[in-house]
Amino acid sequence: MKGFWHDAVEFFPILMSGVALTIIVTIGSLLLSTVLGLVWAMMRVSGIKALSMISASLINVIRGIPIIVLLFYLYFVMPDLGVTLSALQAAILGLGIAYSAYQAENFRAGIEAIDKGQIEAAQSIGMGWWLTMRRVVLPQAVRIVLPPYGNVMIMMLKDSSQASTITVAELALQGKLIASSTFKNTNVFTLVALMYLTMSIPLILLVRHFEKRAGKK
Amino acid sequence: MIELKDVHKSFGQNEVLKGITANVEKGEVVCIVGPSGSGKSTILRCINGLESYDRGEISVEGLKVDRDAPSIVRVRTQVSMVFQRFNLFPHRTVLENVVEGPLFVKKEPRAQVLERGRVLLAQVGLAEKADAHPPQLSGGQQQRVAIARALAMQPKAILFDEPTSALDPELVGDVLSVMRKLADDGMTMVVVTHEMGFARDVADRVLFIDGGIIVEQGPAKALLNQPQHPRTQDFLRRVLHPL
């Protein structure tokens, strides 16, 4: 750990450029996985057999493929099929798709936890499927879904490091590049770990807040 | 106004309705009584399409009830329902619960609906609870909000599914007196209930259901005071004198 502070000051600006990419990848794939997850979950609970089956199989396929293979596929195989993605695009798309499966299961559990009487009450005042979802089910499901959603955010932040395997110069890859050119493995990776931790802690506190709120009622 | 013709309904192997034929006239209060599992609630749930039926026909003001047809929305906006366990929306205030249907389903003007919502809450004695959330209210208060929510739709009839069965005994009276007032004002009501006193004093007609059929029906006082069928006699004896 010799000269840790000295190294920290020196490498900090480079690592910060990695942090910026880490945040972009995390937020991008979080948004994508949320939208896709909602779509899969809605298909699952739509009551239409075909939609529900398509969604269930899709979720299983996505869950059965490692994130890293999905990333390789998007980045290295898609160009052969005529679709060329930048490394950043492939990373956001890959992580977004991979996590959409977990998001979908989480959303579905939240939706199904809503008392059937709520849905009947909505129907009895003439609400259709979509209005029932929008006005009655989803607002109540959010409360249930938020704590696990927060956990997914933390996992995505950390898994964004897998984007390094397809050359996205995010925090982990920047760390690796500095370490391999300076041989200061200990100082560099300690610094990288601390930076991930710094980003995780607010999220961990957020989850705790969500859990307290969900437990209140 | 509400007509049922030879309605059959099965849950799997279990036939719960074995040919129900009945009608409810405008302004009439009809109580449905009978042992649990006799199919009373299922009849109500079929009338507003919460449950499908296998055979026969149900119509409301000449409109066929078919839960898979778009017209079901028209049926439901004309026939409101009050549930045993209230089913108020816990994430909305009392007033929001009441105005939800008129505002978002019937798309009536906001100011007018809010005004009507407050009047209805006053009618059920809960004007001061408008901004409370349902979980903060007692069961009796919640059920009165549910009645206000049903009334806010300006329905032609209201179905009550054991509205006092989930209430503490001392809270039953408040709900029944609100219902009695509705009946006096000429609301068409179909009430599944175990409150024989209410049925006798308020209902015009009583249907006694057992085993998925109407065993006996008639004017409330006559049927409850001098039941003709042995099954009705037996049921009433057990309800009125449980010991």
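Under the classification rounded if a/c is under 1.5, otherwise prolate if a/b is larger than b/c and oblate if not, where does chain A fall, given a ≥ b ≥ c as square roots of the Cα gyration tensor eigenvalues? The shape class here is oblate. Considering chain A as a Gaussian network with a 10 Å cut-off on Cα pairs, which listed residue, A:125, A:48, A:154, attains the greatest mean-square fluctuation? Sorting by GNM fluctuation, first place goes to A:125. Each Lys and Arg adds +1 at its Cβ and each Asp and Glu adds -1 at its Cβ; summed about the Cα centre, the protein assembly as shown shows a dipole of about 460 debye. With a Förster radius of 25 Å applied to the C-beta separation of residue B:229 and residue B:23, the computed FRET efficiency comes to 0.75.
Charge dipole of chain B (Cα centre as origin; +1 on each Lys and Arg Cβ, -1 on each Asp and Glu Cβ, all else neutral): 260 debye, rounded to the nearest 20. On the basis of the beta-carbon distance and an R0 of 41 Å, residue B:14 and residue B:128 show a calculated FRET efficiency of 0.35. Report, to the nearest 10°, how far helix B:110-123 tilts away from the longest principal axis of the Cα atoms in chain B, using its own Cα long axis and a range of 0 to 90°. Once rounded, one gets 60 degrees.
Packing, as the average of other Cβ atoms within 10 Å across residues, places the peptides B:44-52, B:171-179 in the order B:44-52, B:171-179, highest first.
Please compute the contact order of region B:23-240 in relative form: average sequence separation of alpha-carbon pairs under 8 Å and at least six residues apart, divided by the residue count, as a percent. Before the final figure, lay out the partial values.
Numbers: 352 pairs, mean separation 65.3, N = 218.
Over region B:23-240, the number comes to 30 percent.
Put a dot 7 Å past each Cα toward the Cβ at residue B:168 and residue A:182; how far apart are the dots in nm? According to this spin-label approximation, the distance is 6.9 nm. Residues of region B:81-100 falling in the label zone of residue A:134, defined by backbone nitrogen less than 18 Å from a point 7 Å along Cα to beta-carbon, are B:92, B:97, B:99-100.
Pulled fully out, how much extra length does the chain show between residue B:106 and residue B:185, if you take 0.36 nm times their separation in residues and subtract their Cα-Cα distance?
Gain on stretching residue B:106 to residue B:185: 26.1 nm.
Which one, A:27, A:4, B:182, is farthest towards the positive end of the dipole of the protein assembly as shown when Lys and Arg carry +1 and Asp and Glu -1 on their Cβ? Going by the Cα projections, it comes out as A:4.
State the antiparallel share, in %, of DSSP beta bridges confined to region B:23-240, rounding to the nearest 5. Walk me through the numbers on the way to the answer.
Working: 8 of 25 bridges.
Within region B:23-240, antiparallel bridges account for around 30 percent of the total.
Compute the helix-to-body angle for B:230-240: its Cα long axis versus the longest principal axis of chain B, expressed 0 to 90° and rounded to tens. Between helix and principal axis, roughly 50 degrees. Shielding of peptide A:125-132 by partners, expressed as the average count of other chain Cβ atoms within 10 Å per residue Cβ, is 6. Peptides B:9-15, A:174-180, B:28-34, B:202-208 ordered by packing proxy, namely the average of other Cβ atoms within 10 Å per residue, highest first: B:28-34, B:202-208, A:174-180, B:9-15.
For chain A, the membrane-span-like helix rule (DSSP H, alpha carbon extent of at least 27 Å along the helix axis, mean Kyte-Doolittle at least -0.5) picks out A:4-45, A:87-112, A:138-159, A:185-216; this says nothing about an actual membrane. The angle between the Cα long axis of helix B:94-104 and the longest principal axis of the Cα atoms of chain B comes to about 90 degrees, rounded to the nearest 10.
Modelled this way, with points 7 Å down the Cα-to-C-beta line, the labels at residue A:112 and residue A:189 are 4.1 nm from one another. Note: relative contact order over chain A, using C-alpha pairs below 8 Å and six or more positions apart, is 30 percent. Simple spin-label estimate for residue A:212 and residue B:239 gives 5.1 nm between the two label positions (7 Å along the Cα-to-Cβ direction from each Cα).
Across peptide B:40-48, the mean count of Cβ atoms from other chains lying within 10 Å of each residue's own Cβ comes to 1.
Readers should treat all values here as calculations from the given coordinates under stated rules, not as data from a laboratory. Note that the structure is a prediction, hence the values are computed from the model and not measured. Glycine gets a Cβ as well: all are built from the backbone with ideal geometry, and neighbour counts include every protein chain shown.
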